[in-house]
Structures are given as structure tokens and as C-alpha cells.
Amino acid sequence: MTAFLALVTVVSWGLWIPMAQFHPGVHQGVRIFYATLANAVFAGAALLAGGGHLELGWRGFWLPLAGGVVWTAGNYSAFRATAASGLARAAGTWTPLNIVVAFVWGAALFGELDHFGPVRAAVLASALVVVLAGVLMIVRSQGSAGAGEPAARQGTGNGLWWACAAGVLWGSYFVPAQWAAVPASVANFPLALGILLSGSVLGLRSGVPLRLGRRVMASQLAAGALFGVGNLTLLGLVARVGTGVGFTIAQLSLLVNASVGIWVFHVPKPGSRQARTALAGVLVAGIGGCVIGALR
């Protein structure tokens, strides 16, 4: 069951952002609105199918709902980072930060590192250095846009900051739901409500019409449903293997993100020096993240 949860999380999270970004020209706030709407519908269906019920307490309802607001802020940051510097580079930046932040929360709130001795602590520190080295390689790949890349992609400085914000926020959003200590299908619904409420605010404040063509709307809703699937399975995964390990496994979705970003969106251009540097940085950071994930 753990392997199944991990596989579904990786595939769903690896595909949902590329699907949301597939049609250009859609305002980021509108993308978030439709993604959060589909996620809320999926979470409600999962709650009903699982026979769960809600209690309006602070642990079982308000904590996960607050986590949903944090997720929306992270999602907006991720979309801005993707638009500014490309999916492979942006995801390669926020993913290592996701892992580190999740481990910090796991240690601070759940005591997941209390059993570490000097040797394991040294290995952990070394792995963090490897993660940071991978991030620096990704940042270096943002130094100049490759030939043929859209001019908008050259705003890589802002893209880096947005990706860092996504790393911190996305590494934190699920912690309140985990702290609530309720079944994943129950915690996922108020989490989805928080995501929907804050996503609706962003969509309405964007100042652009929310109406989309059928094909574009369908892709945005499908992206939100994919996120909902991955989010539900992630909650089940971290309940089984712990915060740091579970979230590290989920970040293997970066392999899907980076491949789609380079080979479908051509950002950076396949075969370019920037693409090779970005993929090398993703690989290095991923190795460090996997070592961290194994140190449970």
C-alpha cells in the first residue's frame, strides 16, 4: 500500500502543473481558481466515499483549512516561478527546499530526528550540502536564456525568489493537517476548502474574467483533479512513513516536472547548456534529497 501511495503521488504531482500551464495566456489567478475548484470537488467526493464526517474543531477542521491557505500562496508562487524561469528550473529550485522545510517541521513538531546519533547527523549535514550544491547549479543555469526561449522567460531573478517562496510554503502546507491526527480523507476536505477559498480570492482579485473556453477550462479542472489525487495520497503516505520521508518521496515528481518542462515546453531548450545544467542540478539535488529521505 505504501508503494502504491508513493507512485500515485509522484505521477499526479509530476503532471498537474504541466497540465495547468499547457495553454498559454491564462492568468495565474484564474489557473489557481479552477485548480482549487476541482480539488475541492474531488476532496468532497473522497470524504463521502470514505464514509467520513467533519467536526468543526480546531484540530480536525481549522488547522487543515489554514494549511490550505498556505498551499494557495505556495501555488501562486510556483506558477509565477514557472512563468518567469521555466518549469524545470523552477521545480528544481523549490523541490530541494520542500524537502528541507518538511524535515525541519518533522523534527520540530514530531520528533522525527530525535533518534539521530553523531554519524547520522553528519550524513544528514552532508546531504544538505549536496542539496544546496544542486540548487546552485540550477541557479547557474538561469544566468542567460537559451536561443529561442521567449523573452518573458529571461526574468529569472524574480523566478528564483518565487521558487524559493514556493519551496518554503509547499514544504509547510500539509503539516497542520498531519498535526490534526485525523484520517487523510477527513483532513483533506477542510484543507481543500482552505485552498478553494483563498484560490477564489486570487481569481476574483485578478481583475480578469474567469470564463474560459471549454478545452482550456477542461485542462485546468483536470490539473486540479490530479493535484487532489496526489494531495490525498500524500496525506496517507506521510501518516505511514513520516513527514520528511513521505514528502521526500513525493518530490520524485520532479523527474516528471523537469522532463515535461524541457521536452514539451522547451524551457530551457533541449540539448542546450542551460538544459544540461538544470538537469544536472536536479540530479544532484535529488540525490541529496533521497539520502535525507532514507535517514529516518
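The values are calculated or read from the model by the stated rules, or taken from the named source; none is laboratory data. Note that the coordinates shown come from a computational prediction; the quantities given were computed from them, not determined experimentally. Cβ: placed from backbone, ideal geometry, glycine included. Neighbour counts: every protein chain shown. What goes into the accessible areas is simple: the full protein's heavy atoms, side chains included, and nothing from ligands, DNA or RNA. Shrake-Rupley method; radii C 1.70, N 1.55, O 1.52, S 1.80 Å.
Worth pointing out:
- The listed residue being open to solvent by less than 20 Å² (accessible area, probe 1.4 Å), in a helix (DSSP H, G or I) and over 22 Å from Phe79 (Cβ atoms), out of Gly60, Gly68: Gly60
- So Ala147, is it at pLDDT below 70 and out of contact with any helix residue (DSSP H, G or I) (no Cβ under 8 Å at 6 or more places or on another chain): yes
- Counting only residues that are at pLDDT below 80, open to solvent by 20 Å² or more (accessible area, probe 1.4 Å) and not aliphatic (A, V, I, L, M), the range 236-253 holds 0 of them.
- Lone unmet requirement of (1) open to solvent by less than 50 Å² (accessible area, probe 1.4 Å); (2) within 18 Å of Leu191 (Cβ to Cβ); (3) at pLDDT 85 or above for Leu109: (1)
- Enumeration of residues in the range 155-198 that are open to solvent by 30 Å² or more (accessible area, probe 1.4 Å) and outside any helix (DSSP H, G or I): Gly155, Ala181, Val182, Pro183
- Those residues of the range 254-278 which are at pLDDT 80 or above, buried (at least 23 other Cβ atoms within 10 Å of the Cβ) and within 20 Å of the chain's Cα centre (by Cα), in sequence order: Ile262, Ala278
So that you can scan it fast, the table gives a plain yes or no per residue for (1) outside any helix (DSSP H, G or I); (2) of a type in the set (Val, Ile, Thr); (3) over 17 Å from the mean Cα position of the chain (by Cα):
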position	(1), (2), (3)
Tyr76	no, no, no
Thr82	no, yes, no
Ile99	no, yes, no
Ala102	no, no, no
His115	yes, no, yes
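- For the range 117-127, the criterion of a residue being polar (S, T, N, Q), open to solvent by less than 60 Å² (accessible area, probe 1.4 Å) and in contact with a helix residue (DSSP H, G or I) (Cβ under 9 Å, 6 or more places away or on another chain) is satisfied by no position.
- Candidate set: the range 129-144, residues that are hydrophobic (A, V, I, L, M, F, W, C) and either at pLDDT below 80 or open to solvent by 60 Å² or more (accessible area, probe 1.4 Å) (or both); chosen: the one farthest from Gly86 (Cα to Cα): Val129
- Scope the range 199-235; condition open to solvent by 20 Å² or more (accessible area, probe 1.4 Å), at pLDDT 90 or above and of a type in the set (Gly, Ala, Ser); matching residues: Ala218, Ala222, Ala225
- Number of positions in the range 1-28 that are under 17 Å from the mean Cα position of the chain (by Cα) and part of a helix (DSSP H, G or I): 17
- Residue tally, condition among the small types (Gly, Ala, Ser) and either closer than 9 Å to Gly224 by Cα or open to solvent by 20 Å² or more (accessible area, probe 1.4 Å) (or both), over the range 19-32: 2
- The sole residue among Ala43, Ala35 that is within 18 Å of Ser12 (Cα to Cα), open to solvent by less than 10 Å² (accessible area, probe 1.4 Å) and at pLDDT below 90 is Ala35.
- Residues satisfying the stated conditions in the range 24-80, i.e. on the phi > 0 side of the Ramachandran plot and aromatic (Phe, Trp, Tyr): none
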